[in-house]
Structure formats: structure tokens, C-alpha cells
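*Asks:* Right, I'll just put the structure down here and ask away after.
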Amino acid sequence: VQTQAQSSDYQAPQLKLQQRPARGLWYLVSYTYSQSTRRVPAPEIGGNYTYETQPQPWDIPHLFSASYGYELPFGKGRKFLSNAGSVANAIVGGWQFQNIISYRSGLPYTPTISRDQANIGVGGQRPNRIGSGELDNPTIDVWFDKTAFVVPANFTFGDSGPGILRSDHQWNVDMSLFKRFEIR
């Protein structure tokens, strides 16, 4: 039986700190702690009318971003070399440095078995979980502890939940150094 019966929920406190340009410095820092879940039909765990709550595929519990910029204090009207001539000002004045740093936690994923163990005609069934499944140092070849999961007995469903493991977190850093020119 196919159904459109789904629901979703998103909850998130957010924090934002901002400094507008003052003495050449500005910044914007934000942090979100969230939970995004959905309630969906799940025939792979018990039949056509079984529902379960699970993390959304895009659930990112931790999201941090910090951006800042600084206009270097050199050149006309600045703290250093404010009396510089037009050629010197063209060289040393108008420089800015900016940086963006972002972090996000990993996305959820669910270990599955490749065969129809419960004999219901639906794939993507789950194994039994006998350990956490997490590795201290995952690699590209072994991302989770496969020994923490076993195939359930024939004609039964596994007990692993949805979205119980997470992909790796991500850091991103962008930097720029640029110069403003006045064209008259």
C-alpha cells in the first residue's frame, strides 16, 4: 500500500552575535542546534501500516558559522600613513582581510542488509544492532564498525533504528585579501 501520510518536525534554538563595521572591524557569528525529524511509513520494519519517527536525511544538529573582516589601518584617513601621497596611498591604502569559518555535524545514515530477510518483498531492511557501530578513526574504506551489526533470523525484522550513525562533520575556511581602488 502506498501512502502520502507523512509529517515532519523542526526545532532549533539559534544564537547570533554581530558587530557592524567599527574602526575597520566587523563580524557575524551564528550557531544553531537543531533537530529535524519525520514520521513516515516503514514497511521494511513491519508491514504496510507501520510508521516510525526518524531523522530527516538533511538533519544537521550543529551548525556554526563565523565571518569577520578587517580594513587594514594604512593609507589616507587611517591610523598609519594617513598623510601618504597619492602614489603611496594607492599602494598601501584600501586593503581588507576577510574570513569565513563554518562547521556542521554529519548527516544521518542507516545501515541496511541487502536481502529480504523478513520475506515481505521489501528491500532495505535493517540488521540487529549489537554494538554502537561507531569507529574512533573511520577511513574511506571502513566508515563504521560492521561487526556491530548482524543479520536477523529468517522471517524476522532487525532491531536497528533509522539514522543511528552519522557521516563525518565538515569544516570549511574561506579567506580573502583584497584592495579597493578609487576611480575618479
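The values are calculated or read from the model by the stated rules, or taken from the named source; none is laboratory data. The model shown is predicted, which means the values in this text are computed figures rather than measured ones. Note: ideal-geometry Cβ built from the backbone for every residue, glycine included; neighbour counts use all protein chains shown. Accessible surface areas use protein heavy atoms only, side chains included; no ligands, DNA or RNA. Shrake-Rupley method; radii C 1.70, N 1.55, O 1.52, S 1.80 Å.
*Asks:* In whole Hz and in residue order, list the ³J(HN,Hα) couplings for region 15-22 that follow from phi through the Karplus curve 6.51 cos²θ - 1.76 cosθ + 1.60, θ = phi - 60°; x for Gly and Pro.
*Replies:* Taking θ as phi minus 60°, the curve returns 10, 9, 10, 9, 10, 6, x, 8 Hz for region 15-22.
*Asks:* With point charges of +1 on the Cβ of Lys and Arg and -1 on the Cβ of Asp and Glu, referenced to the Cα centre of region 1-122, which listed residue (58, 96, 109) lies farthest in the positive direction of the dipole?
*Replies:* Selected residue: 96.
*Asks:* What is the Å³ per residue value for the convex hull set by the Cα atoms of the chain?
*Replies:* Values: hull volume 35.3 nm³, N = 184.
Roughly 192 Å³ of hull volume per residue.
*Asks:* Over region 124-184, what is the relative contact order in whole percent, taking alpha-carbon pairs under 8 Å and six or more residues apart? Kindly include the intermediate steps, with their values, before the conclusion.
*Replies:* On the way: 52 pairs, mean separation 21.8, N = 61.
About 36 percent, as a whole number.
*Asks:* Still on this structure, I have one more. Pop the C-beta distance of residue 70 and residue 104 into the FRET formula with R0 = 25 Å and round what comes out to the nearest 0.05. Spell out each step's value before the answer.
*Replies:* Details: r = 25 Å, r/R0 = 1.01.
Plugging the Cβ-Cβ distance into 1/(1 + (r/R0)^6) gives 0.50.
*Asks:* Could you order 23, 180, 39, 166 by accessible surface area, starting with the largest, using a probe radius of 1.4 Å? Don't jump to the answer; show the numbers that get you there.
*Replies:* On the way: 23 230, 180 135, 39 105, 166 85 Å².
Solvent-accessible surface, decreasing: 23, 180, 39, 166.
*Asks:* What's the longest bit of the chain with no exposed GluC sites (Glu not before Pro), using DSSP loop states and at most 16 other Cβ atoms within 10 Å as the test?
*Replies:* Numbers: sites that count: 134, 182.
Result, exposed sites excluded: 1-133.
*Asks:* Residue-wise, which Karplus ³J(HN,Hα) couplings in Hz belong to region 70-77, taking 6.51 cos²θ - 1.76 cosθ + 1.60, θ = phi - 60°, and x for glycine or proline?
*Replies:* For region 70-77, the Karplus curve yields 9, 8, 4, x, 10, x, 3, x Hz.
*Asks:* Between residue 62 and residue 183, what's the calculated FRET efficiency when r is the beta-carbon distance and R0 is 45 Å? Round to 0.05.
*Replies:* Numbers: r = 44 Å, r/R0 = 0.98.
So, using R0 = 45 Å, E works out to roughly 0.50.
*Asks:* Under a point-charge model restricted to the Cβ atoms of Lys and Arg (+1) and Asp and Glu (-1), what is the dipole moment magnitude of region 78-184 relative to its Cα centre, in debye to the nearest 20? Numbers along the way, then the final one.
*Replies:* Numbers: 11 positive and 9 negative charges, 150 e Å.
Dipole of region 78-184, to the nearest 20 debye: 720 debye.
*Asks:* Another one. Along the principal axes of its C-alpha atoms, what lengths does region 5-50 span, in descending order and rounded to whole Å?
*Replies:* Cα spread of region 5-50 along its principal axes, largest to smallest: 65, 14, 12 Å.
*Asks:* Could you do me a favour and compute the accessible area per residue for the chain, 1.4 Å probe, result in Å²? Show your work: numbers first, answer last.
*Replies:* Numbers: 12590 Å² over 184 residues.
Value returned for the chain: 68 Å² of accessible area per residue.
*Asks:* Among 126, 184, 78, what's the order by accessible area (1.4 angstrom probe), most exposed first?
*Replies:* Descending order: 184, 78, 126.
*Asks:* Pop out the carbon and sulfur fraction of the accessible area of region 22-92 as a percent, whole number, probe 1.4 Å. Could the numbers behind the result be given before it?
*Replies:* Values: 2630 of 4330 Å².
Using a 1.4 Å probe with all protein chains present, region 22-92 comes out at 61 percent carbon and sulfur.
*Asks:* Across region 94-143, how large is the tail of the calculated P(r) beyond 14 Å, expressed as a percent of all Cα pairs? Walk me through the numbers before you get to the answer.
*Replies:* Values: 897 of 1225 pairs.
Distances greater than 14 Å cover 73 percent of the Cα pairs.
*Asks:* Another one. Name the residue farthest towards the positive end of the dipole of the chain from the options 121, 161, 137, assuming +1 on Cβ of Lys and Arg, -1 on Cβ of Asp and Glu, about the Cα centre.
*Replies:* It is 137.
*Asks:* When the helix-only estimate is applied to the chain (DSSP H runs of n ≥ 4, each -39,500 (n - 2.57), divided by the residue count), what is the mean residue ellipticity at 222 nm, nearest 500 deg cm²/dmol? Numbers along the way, then the final one.
*Replies:* On the way: 1 runs with 7 residues, N = 184.
After summing the helix terms and dividing by the residues of the chain, the value is -1000 deg cm²/dmol.
*Asks:* Continuing with the same structure: Report ³J(HN,Hα) in whole Hz for each residue of region 130-142, in order, from the Karplus equation J = 6.51 cos²θ - 1.76 cosθ + 1.60 where θ = phi - 60°; Gly and Pro get x.
*Replies:* 10, x, 6, x, 8, 10, 5, 10, x, 10, 5, 7, 10
*Asks:* Roughly how far apart, in whole Å, are the Cα centres of region 135-163 and region 24-96?
*Replies:* The two parts, judged by their Cα centres, are 34 Å apart.
*Asks:* Residue 130: accessible area at probe 1.4 Å, nearest 10 Å²?
*Replies:* 120
*Asks:* So, with +1 on the Cβ of K and R and -1 on the Cβ of D and E, and no other charges, what is the size of the charge dipole of the chain about its Cα centre, to the nearest 20 debye? Walk me through the numbers on the way to the answer.
*Replies:* On the way: 17 positive and 14 negative charges, 260 e Å.
Here the chain has a charge dipole of around 1260 debye.
*Asks:* Using a 1.4 Å probe and counting only protein heavy atoms, arrange 159, 116, 59 so the residue with the most accessible area comes first.
*Replies:* On the way: 159 100, 116 55, 59 5 Å².
Most to least solvent-accessible, the answer reads 159, 116, 59.
*Asks:* Using the C-alpha atoms of region 19-88, what convex hull volume per residue, in cubic angstrom, is computed?
*Replies:* Values: hull volume 8.5 nm³, N = 70.
With only Cα atoms used, region 19-88 gives 121 Å³ per residue.
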